[in-house]
Amino acid sequence: MYGGKQLERYFKISFLLLLLMLWGFLDSAFAGKIEGSIKVKGLRSPANILVYLTKAPAISPDLSGAKVIIDQRNLTFIPHVLPILVGTTVHFPNNDKVDHNVFSLSRAKKFSLGSFKPGEIKTVLFDKPGIVELRCDVHAEMAAYILVMKNPYWAKTDEKGRFEIPDSDGLKNLGISGIEDLPPGKYFLKTWHEKLRSKRTTVIVEKEEVDLQLNLTRGTPSVLYK
Ligand SMILES: [Cu+2]
């Protein structure tokens, strides 16, 4: 059977394995979320504010299942603000009874879909991070923003101004899954809203949840990434 030396080695290896498992368990247990809420001055609603991390753990989620849509309905783009991951293709279905002509003059993606009819769907691949302002050549009042993000650690505030990063449900709706909580560390968090001055702050994730309160005022937002 086992000699003394063999037995000793067996125990050493078992102990090491146990230690590794424990370390892995503690490590994942300490992964965290950033939660919080935003108050705004000079704006009726604190909803639809993008909150995001400028740098985050390097992951490359599978986008093959992603189904991302900006609807055109009642002469409105829905949603009005759409964060997506760089490399995502967005579908533009025309669900109105009139033609639309969607275009962008933004540096992150310049395009024009040309005039397209009710029932038609056009697609655009967004391959560079940044802000893309959508307009319609036919209807001057139509406007929307596609925010092309470098990493999936973002959230849009709800009608009470609350947010949670990562936003697993929101990502699932975009067909992105498997985004894990944040490992402990120091992160840079920023906000973006078309009518609010952007704010940048440092967040330290140590344990399960970090709670953050932000106040924003009217102004011109900054670019997403420097
Ligand atoms: Cu239109």
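Go through segment 72-94 and count every residue that is touching a Ser or Thr at 6+ places or on another chain (Cβ under 9 Å) and within 14 Å of the ligand (Cβ to nearest atom).
Summing the residues that are touching a Ser or Thr at 6+ places or on another chain (Cβ under 9 Å) and within 14 Å of the ligand (Cβ to nearest atom) in segment 72-94 gives 1.
Which ones in segment 63-104 are under 16 Å from V148 (Cα atoms) and outside any strand (DSSP E or B)?
L63, A66, K67, I70, P79, H80, V86, G87
Assigned to a strand (DSSP E or B), surrounded by 13 or more Cβ atoms within 10 Å (Cβ to Cβ) and away from the ligand (no atom under 11 Å from the Cβ) - does that describe any residue in segment 113-120?
At the first step, the residues of segment 113-120 found to be assigned to a strand (DSSP E or B) are 116.
If we keep only those that are surrounded by 13 or more Cβ atoms within 10 Å (Cβ to Cβ) as well, we get 116.
When the remaining residues are screened for being away from the ligand (no atom under 11 Å from the Cβ), the result is none.
Scanning segment 113-120 turns up no residue that is assigned to a strand (DSSP E or B), surrounded by 13 or more Cβ atoms within 10 Å (Cβ to Cβ) and away from the ligand (no atom under 11 Å from the Cβ).
Can you work out which of the residues in segment 137-155 that are buried (at least 20 other Cβ atoms within 10 Å of the Cβ) and part of a strand (DSSP E or B) is farthest from the ligand (Cβ to nearest atom)? Steps first, answer last, please.
The first filter runs over segment 137-155 and keeps only residues buried (at least 20 other Cβ atoms within 10 Å of the Cβ), leaving 144-149, 151-155.
Then drop every residue that is not part of a strand (DSSP E or B), which leaves 144-149, 154-155.
Working: A144: 11, Y145: 16, I146: 16, L147: 21, V148: 22, M149: 26, W154: 27, A155: 29 Å.
Residue satisfying both the conditions and the ranking: A155.
Of the conditions (1) of a type outside the set (S, T, N, Q); (2) within 12 Å of the ligand (Cβ to nearest atom); (3) closer than 29 Å to P166 by Cα; (4) loosely packed, with under 14 Cβ neighbours inside 10 Å, K97 fails just one. Which one is it?
Here K97 clears every test but (3).
Would you confirm, using the coordinates I've provided, whether K186 is surrounded by fewer than 21 Cβ atoms within 10 Å (Cβ to Cβ) and part of a strand (DSSP E or B)?
For K186, the condition - surrounded by fewer than 21 Cβ atoms within 10 Å (Cβ to Cβ) and part of a strand (DSSP E or B) - is met.
Return the residues of segment 127-145 that are of a type in the set (G, A, S) and without any contact (Cβ under 8 Å) to a residue 40 or more places away in the chain; say none if nothing qualifies. Please lay out each step first, then the result.
Step one: filter segment 127-145 for residues of a type in the set (G, A, S), giving 130, 140, 143-144.
Result: A140, single match.
Against the definition (outside the structural domain of H80 (by TED's automatic domain parsing) and either more than 13 Å from G36 (Cβ to Cβ) or surrounded by fewer than 21 Cβ atoms within 10 Å (Cβ to Cβ) (or both)), how does I176 come out, yes or no? Lay out the reasoning, then the answer.
Numbers: outside the structural domain of H80 (by TED's automatic domain parsing): yes; either more than 13 Å from G36 (Cβ to Cβ) or surrounded by fewer than 21 Cβ atoms within 10 Å (Cβ to Cβ) (or both): yes.
Answer is yes for this residue.
Would you mind finding the one in G161, G170 that is among the small types (G, A, S), outside the structural domain of A47 (by TED's automatic domain parsing) and farther than 11 Å from P61 by Cβ?
Details: G161 fails: outside the structural domain of A47 (by TED's automatic domain parsing).
Result: G170 is the single residue among G161, G170 that is among the small types (G, A, S), outside the structural domain of A47 (by TED's automatic domain parsing) and farther than 11 Å from P61 by Cβ.
The values are calculated or read from the model by the stated rules, or taken from the named source; none is laboratory data. None of these values were measured; they are calculated from a predicted model. Neighbour counts run over all protein chains shown; Cβ positions are idealised from the backbone, glycine included.
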